[in-house]
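Peer 1: I have a structure I would like to understand better, so I am pasting it below and will then ask my questions one at a time.
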Amino acid sequence: MREPKTSFAGMTRIRCNGRKRSALPSQPGLPDSRVHFRWYTDPPANLRISPTDSAAATYDQRMRRSIFTEDHELFRQSVRTFIEREVTPNFERWDRDGIVDRGLFTAAGTAGFLAIDAPEQFGGGGVEDFCYNAIISEEFAYAGAAPAGIGITLHNDVCLPYFLSLTNEEQKQRWLPGICSGNLITAIAMTEPGIGSDLASMSTSALRDGDDYIVNGAKTFITNGINADLVIVAVKTDPKERHKGMSLLVIERGTPGFERGRNLEKVGLHAQDTAELFFTDARVPVANLLGSEGMGFLHLVENLPQERLSIAVGAVAAARQALRWTLAYTHERTAFGQPIAAFQNSRFVLAECATEIEIAEVFLDRCIEALNAKELTAEEAAMAKWWTTELQKRVVDSCVQLHGGYGYMLEYPIARAYLDTRIQTIYGGTTEIMKEIIGRSLRP
Ligand SMILES: Cc1cc2nc3c(=O)[nH]c(=O)nc-3n(C[C@H](O)[C@H](O)[C@H](O)COP(=O)(O)OP(=O)(O)OC[C@H]3O[C@@H](n4cnc5c(N)ncnc54)[C@H](O)[C@@H]3O)c2cc1C
């Protein structure tokens, strides 16, 4: 379990990574339910994003987002400094290797950026507030390092809720401390080589044999697939049934019969490991069942809205960052004796992107509030997921166009963003499936 964390109210000095940190002002009047995290930086002189050019400066003076308190902004500053120190210097290497170091997870755990909503007794932050999760995802996107953050986002936003809501006391004791510290990296495996959208047709089987399940089958496209220590695997405990035959098992690294395939070569998201998993007579204790046997589909349905909202957060942040890069570029690059940004067409394209991002963010923030209030519906999460990811595709494509040929060169972040963006409308449920979910719910 990690060391107890220090609340920043009343905190004087802490050490992080062996370096001394400055005194922080106490924050009288802030609510007590704040997340406790380790400072990675000196106290911020200015909480606003510091833009690097005047065009971006103007752009960043955008509508105030009402979901974030001063507490959240302090957290954001700390995440930003963490990324500058722990992620940016390693990002190129991870991009080449196709995987982040496991140390990123333990560093994030030490800093208090993992499992913010897990109880403090297990090393979590003890605060149920998705704003903190959103900040982490946004800051990775703003740093141009989104692919390196996906593993953490999946761990926090997608997998952790299953470990919090479906585990018994023994399972919590066994897994949560490692999940909070980053020593146990998580993944979730639903997709199989033969099925993705049509989950109920999956064929990975888990047949009861005494106190174990014998698991046979294969999963593919699994995020954190190489790094993961605990994989939530969707299985058929009753292969004759469709939805009612599904259950969730936690399959641990080292389980005999559980093997990983290759780290798949993707179009983008190169720093993110995505793998095939194979199960051949893998013996998994019944004690690793998550929730109830036969209720796996329902458990997925309950947790998928948060996964989709998490993807939407990343989509809006990535679109915003793409626009920032493009504002900087189009103000600097000239053609026909004037900056690219001065052409009316450029202004219109940039205006359309900026407008749509603002609108998307308003809906996104509303969804985050709804999630925090436990009111977010599957349909609203589906709306957020498909619309923001399609927006991200449109914005990034327009931004590439405004970069001209340089937008096609991988040394420019917009080119990488183009590659990283394409998957957003596919994973976590395709745009078409999102529209199915929404469409089915619409009645006079
Ligand atoms: C980089 C990456 C990471 C991923 N990470 C994970 C992970 O961590 N865990 C995991 O379980 N999965 C993961 N996936 C899998 C991902 O969720 C699936 O690829 C996705 O759900 C789509 O499934 P599929 O690829 O089988 O496509 P299909 O289901 O075969 O769909 C193909 C096309 O048909 C359309 N289609 C299908 N059904 C309908 C319908 N009823 N109506 C209209 N159109 C339809 C789809 O929209 C799509 O356009 C990942 C995938 C990638 C590429």
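The values are calculated or read from the model by the stated rules, or taken from the named source; none is laboratory data. Just so it is clear, the structure is predicted and the values come from calculations on it, not from any experiment. So basically every Cβ, Gly included, is an ideal-geometry build from the backbone, and we count neighbours across all protein chains shown.
Peer 1: Quick check on region 311-347: of everything there that is charged (D, E, K, R), surrounded by 14 or more Cβ atoms within 10 Å (Cβ to Cβ) and part of a helix (DSSP H, G or I), which residue is farthest from the chain's Cα centre (by Cα)? Explain how you work it out, then say what you get.
Peer 2: At the first step, the residues of region 311-347 found to be charged (D, E, K, R) are 320, 324, 332-333, 347.
Filter once more, keeping what is surrounded by 14 or more Cβ atoms within 10 Å (Cβ to Cβ): 320, 324, 333.
If we keep only those that are part of a helix (DSSP H, G or I) as well, we get 320, 324.
On the way: Arg320: 16, Arg324: 21 Å.
My answer is Arg324.
Peer 1: What is the residue count in region 222-259 for residues that are among the hydrophobic types (A, V, I, L, M, F, W, C) and farther than 20 Å from His299 by Cβ?
Peer 2: The total comes to 2.
Peer 1: Find the strands (runs of 3 or more DSSP E) located wholly in region 221-295 whose residues include 2 or more that are of a type in the set (Asp, Glu), and list them.
Peer 2: 274-285
Peer 1: In region 405-444, which residue that is of a type in the set (Asp, Glu) and within 12 Å of the ligand (Cβ to nearest atom) is surrounded by the fewest Cβ atoms within 10 Å (Cβ to Cβ)?
Peer 2: Glu432
Peer 1: Of the conditions (1) more than 16 Å from the ligand (Cβ to nearest atom); (2) among the small types (Gly, Ala, Ser); (3) under 24 Å from Ile150 (Cβ atoms), Gly196 satisfies every one except a single condition; which number is it?
Peer 2: (1)
Peer 1: Kindly check whether there is at least one residue in region 219-237 that is more than 24 Å from the chain's Cα centre (by Cα) and over 22 Å from Phe163 (Cα atoms).
Peer 2: no
Peer 1: Does Leu176 meet the test of being among the aliphatic types (A, V, I, L, M) and surrounded by fewer than 23 Cβ atoms within 10 Å (Cβ to Cβ)?
Peer 2: No; evaluated as a whole, the condition is false for this residue.
Peer 1: While we're on this one: For residues that are under 15 Å from Pro193 (Cα atoms) and either more than 7 Å from the ligand (Cβ to nearest atom) or not assigned by TED's automatic domain parsing to the domain that holds Leu249 (or both), scanning just region 219-235, find the one that is surrounded by the fewest Cβ atoms within 10 Å (Cβ to Cβ).
Peer 2: Thr220
Peer 1: Still on this model: Can you tell me which of Leu376, Leu350, Leu402 is more than 16 Å from the ligand (Cβ to nearest atom), aliphatic (A, V, I, L, M), closer than 28 Å to Val127 by Cα and surrounded by 14 or more Cβ atoms within 10 Å (Cβ to Cβ)?
Peer 2: From the options Leu376, Leu350, Leu402, the qualifying one is Leu376.
Peer 1: Oh, and also: Test of understanding: among Ala342, Ala282, which residue is of a type in the set (Gly, Ala, Ser), in contact (Cβ under 8 Å) with a residue 60 or more places away in the chain and more than 14 Å from the ligand (Cβ to nearest atom)?
Peer 2: Ala282
Peer 1: Being in contact with a Ser or Thr (Cβ under 8 Å, 6 or more places away or on another chain) and within 23 Å of Arg85 (Cβ to Cβ) narrows it down to one residue among Phe140, Phe163; which is it?
Peer 2: Phe140
Peer 1: Grab the helices (runs of 4 or more DSSP H) fully contained in region 357-444, keeping just those with 2 or more residues being under 18 Å from the mean Cα position of the chain (by Cα).
Peer 2: 378-403, 413-421
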